[in-house]
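In what follows, a single structure is set out as structure tokens and then discussed.
Readers should treat all values here as calculations from the given coordinates under stated rules, not as data from a laboratory. Model, not experiment: these values are computed from the prediction. Here the Cβ positions follow ideal geometry from the backbone for every residue, glycine too, while neighbour counts run over all protein chains shown.
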Amino acid sequence: MNQFFKTFFANLLALVVFTILGVVLLFVIISALTKKPDIVIPNNSVLVIDISESFPEQATEDFLGDLLNNKKGKIPSLSNVIALIHYAKADQKIAGIYIKCQENPNGFAASEELRNALLDFKTSKKFIVASGETISQKGYWIANVADQIYSNPQGGIEWDGFSYESMYFKGLLDKLEIQPQVFYAGKFKSATEPFRFSQMSPENKLQTSVWLNGIYNSFIAGTAQQRKLSQDSLKSLSDKGMVQTPHDALKFHLVDGLLYDDEVKAAIANKTKTDKPENVSFVNMSDYAAATNISLKGPGKIAVIYADGDINMGKKDKNGIASDEYRTLLQTIRNDQSISGVVLRINSPGGSALASDIIWREIEILKKTKPVVVSMGNYAASGGYYIACNADSIFANANTITGSIGVFSVIPNFGNFMKNKLGITYDAVKTSTYAGVPTTSRALNLAEQKMVQSGVDSTYLTFKTRVAIGRKKSVAYIDSIAQGRVWTGTDALKVGLVDKIGGLNDAIASAVKMAKLNGYTIVEYPEKKSLLEDIFSDTKDKVQLDGMKEFVGFESLDLLQQFKSIKQMMGQPQTRLPIFAAKHP
């Protein structure tokens, strides 16, 4: 027996040692494979911005892409890209910018920040050239700042106006005998309409028309200014469907030429006075970021907190804003005496009302010790606005979607579906009248419905009160602009929900001024993970997501993610935007 234990523990020790050595070896191999030589930017280089890439709120490492596709690993954040464009303006090694514009997965507010940075770059008198095989409208929104825009001779430009289409499930639920049991506060709060109606309510159609036309008019006005065309003529082109071919786009001066890729590069070579297109130094954003030090150094610290995704209760959420994680994060920043000011960058359609209130409370305490400035991204609506409303100052982009101050709750009744479609019934024993409520096995009775609606109304009143105090308005006034109504950043400024139109850099500058700093360093939160965490968690998530996308397609994957959102909002008061949008700008 003693010999057995000796052998067992010897083998166990060997297994542990070999496991540790294996992990270390794997770490060394991956580090060696991902380590890149120092990048040197040659003189007369052209900075390439591929807007088909989705620029995240925080820079991330793409180790899987780095290993398999020989990428540089670092995916610059939106703020990094903007900072690099500003840096390139004065960089003597950069002769101009080449925009590859086809599809643009970045939101309109993010695109607006990129576009503004490019407009500023133009003041340097350096050139900007844009081209694409087929150019989407959102891609053209950025491309139209270019000195010349080229389309592939067999490609073209999308020019048919903007649309927003929602999917409605009432008919399906009726056929399945599923009763959604919806409770809401705010006549414009449209998130539950797909369960209640077969089409948009008049209120929802009104608000959607207002914000959609607001973004469209911004797009038309910007195009008209850059292309020196009238707004009426541009709208007429889409109203009459007059841009169907690349030659139509050329005829109506939306592009400056119809060129293939090699011809575009030849035109850029001519601008840089390079003898051959293949000798032009094209520098992508990842390489430029790796070769350029744009970090600010100063005695003070500004914390930039990224709140990106749905707001949920609980622990750390890689793809969302978890209440426990952000509560701890805000407390840590509050207690860090080296941090002088805070910028909260919000890109969220909202989520759990309780989770939003938990984060709101921490911001309320935080701003008593140091200035807090909010920068709104593509969305900062409903719960996203809840956590923003009591900041010292709020910045939004003109095309940010915000507001949506309202509350809802959904408690589905699956009783008839389970019984009549599947033959499953329920029975229960309980000690008290309302034990087990709410339940999805039967319809709520009148008293139970009143309890749920009372909870929704109470949450709505709290939400409005939070906003009223934060914005220094009366609750009655906030109620008049609330009701779940969605606003663009431009309109939100008019009604007093935000303070200024501007991007993340503007918000940072405001925080620096409020903190009275002469120099500063930016520290980003949530903090980046370690190399091994990035490799094992990010790679796993990427493989799963890419696999699902390959199997079911992008639109079906989006639908599955929306159903996941439905599951998360069952039974709890929610402050969030509608989640169903089959087509939008």
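Enclosing the Cα atoms of region 233-370 in their convex hull gives a volume equal to 238 cubic angstrom per residue.
For every other residue with a beta carbon closer than 10 angstrom to the beta carbon of T521, add +1 if it is Lys or Arg and -1 if Asp or Glu, then tell me the sum.
On the way: positive: K297, K301; negative: none.
After counting each charged neighbour, the total is +2.
The H on the amide N of V283, modeled in the peptide plane, is under 5 Å from the matching H of V46, L47, V48, each at least 5 residues off or on a different chain. Using C-alpha pairs under 8 Å with a sequence gap of at least 6, the mean separation divided by the residue count of region 163-249 gives a relative contact order of 22 percent.
Please rank T245, T488, fewest neighbouring Cβ atoms within 10 Å first, as an exposure proxy.
On the way: T245 15, T488 26.
Final ranking by Cβ density, sparse to dense: T245, T488.
Among R361, R576, R334, the order by Cβ neighbours within 10 angstrom, fewest to most, reads R361, R334, R576. Pairs spanning more than 22 Å between alpha-carbon atoms, out of K100/K240; K316/K516; K100/K138; K93/K126; K89/K138; K89/K251: K100/K240; K316/K516; K89/K138; K89/K251.
Semi-axes of the equivalent ellipsoid for region 133-232, computed as √(5λ) from the eigenvalues of its C-alpha gyration tensor and ordered from largest down, come to 39, 17, 9 Å.
Neighbours of I157, meaning other residues whose beta-carbon lies under 11 angstrom from its beta-carbon, give a summed charge of -4 when Lys and Arg score +1 and Asp and Glu score -1. Remark: V40, V255 ranked as V40, V255, counting other beta-carbon atoms within 10 Å and listing the fewest first.
The convex hull drawn around the Cα atoms of region 103-150, when projected onto a plane and averaged over every direction, covers 3.0 nm².
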